[in-house]
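A single structure is presented below for examination.
The values are calculated or read from the model by the stated rules, or taken from the named source; none is laboratory data. In this text the structure is predicted, and so the values were computed from the model without any measurement. Cβ atoms come from the backbone with ideal geometry, glycine included; neighbour counts cover every protein chain shown.
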Amino acid sequence: MIHPENDEQYAGLTVNAGVEQLPSINPYFRPKKRAPRMEPQAYVDGILKGDRTILAQAVTLVESNLQQDQAIAQKVIEACLPYSGNAIRVGITGVPGAGKSTFIEALGVMLCKQKKKLAVLAIDPSSERSRGSILGDKTRMQELSTIDNAFIRPSPSAGSLGGVARKTRESIVLCEAAGFDTIIVETVGVGQSETAAHSMVDFFLLLQVTGTGDELQGIKRGIMEMADGIAINKCDGTNVDKARVARTQFKNALALFPTPESGWHPYAETCSAVEGTGIAEVWKMVEDYITFTKRNGFFKTNRTRQAKYWMYETINQALLDSFYHNPLIEQQIEATELSVLQNKVSSFIAAHQLLDQYKNLNKE
């Protein structure tokens, strides 16, 4: 490599030393020490007393992948289960930018003023590369996070389908046992399947926004069929007329769908989370739905069905963990993957070879 600065004709040229590269992480940063693990009963006692610090620690145990943490968490959940089930569970989804966090804060502040105890389980998207999450919902819900009756818990989605953290259902049980009578589950809203969210809440709200181009883009049969109600946010300023037109469009679209099993006919409301208008009407929609489904028996039937669904989901996850964490399978996966990449074996044959090996290990 030629360095011009070393040439004789540049004898008077002075090359200064470069600036030392600064560390990417603050050298004064010290990670916060984890709270010491307690006996399961200590967590249960704290949760039943409404201690939010202990509740947060218990949710951390639920989200942990460490076996020792999971062992404690399952005992805590089992002990809290008889004290759960008395809250209204609301799932809120919508496209990114629909204003979910702002809407939840406006709704939450209103509910807390009505003396309700609110728990917000906000699911934050995880990076596919780093597996990290910003977990910034408390920052976006500044007013709500300072209210004593509110508990906000951001959790990483960890790649779960539909953006719902796998442990959210267990967290709902703990929050209900702690005395929270209203649970809001906010999903990532990435446009994929929201089945997981729908299967853990009583009312599923689809938050929409208008004025972004194609008004009919939000009318997707899959998500619309799951929605129990639609709220068209950002109905303020010059967007009021567009929001009202969008409500009419959604009303007409909903009329084309068959009546849901619940017997409830979903409809749309307009609101502005920034101005606080229409929030009460959206919540009245939720209350009317709960009253309607409790009267016709669907509320209890739906909760029973959800419990069954999550039993099978737990079995499926346990089987996946058992397969991928098996030491012998872990040794074989890398070699089998290499064979697939080198076209020595097809993907399907390779998968069945690994599954056959796993079955034989279980026989032994």
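Would the stretch 285-295 turn up any residue that is in contact with a Ser or Thr (Cβ under 7 Å, 6 or more places away or on another chain) and modelled with pLDDT of 95 or more?
yes
Can you report the number of residues in the stretch 238-297 which are under 13 Å from A227 (Cβ atoms) and in a loop (DSSP other than H, G, I, E, B)?
Matching residues across the stretch 238-297 total 7.
Kindly provide the set of residues from the stretch 90-105 that are assigned to a helix (DSSP H, G or I) and crowded, with 24+ Cβ neighbours inside 10 Å, ordered by number.
Hits for the stretch 90-105 are K100, F103, I104.
(1) assigned by TED's automatic domain parsing to the domain that holds I223; (2) on the phi < 0 side of the Ramachandran plot: which one isn't true of R34, the others all being true?
The single condition R34 does not satisfy is (1).
Which condition does I230 not pass, out of (1) under 30 Å from S171 (Cβ atoms); (2) surrounded by fewer than 18 Cβ atoms within 10 Å (Cβ to Cβ); (3) free of Cβ contacts under 8 Å to residues at least 40 places away in the same chain, if it passes all the others?
(2)
Yes/no per residue for (1) exposed (fewer than 15 other Cβ atoms within 10 Å of the Cβ); (2) assigned by TED's automatic domain parsing to the domain that holds P266:
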| position | (1), (2) |
| --- | --- |
| N296 | yes, yes |
| K300 | yes, yes |
| I329 | no, no |
| T336 | no, no |
| N343 | yes, no |
| I349 | yes, no |
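Taking the stretch 319-353 on its own, how many of its residues are under 25 Å from L66 (Cα atoms) and either free of Cβ contacts under 8 Å to residues at least 24 places away in the same chain or not in a loop (DSSP other than H, G, I, E, B) (or both)?
The total comes to 15.
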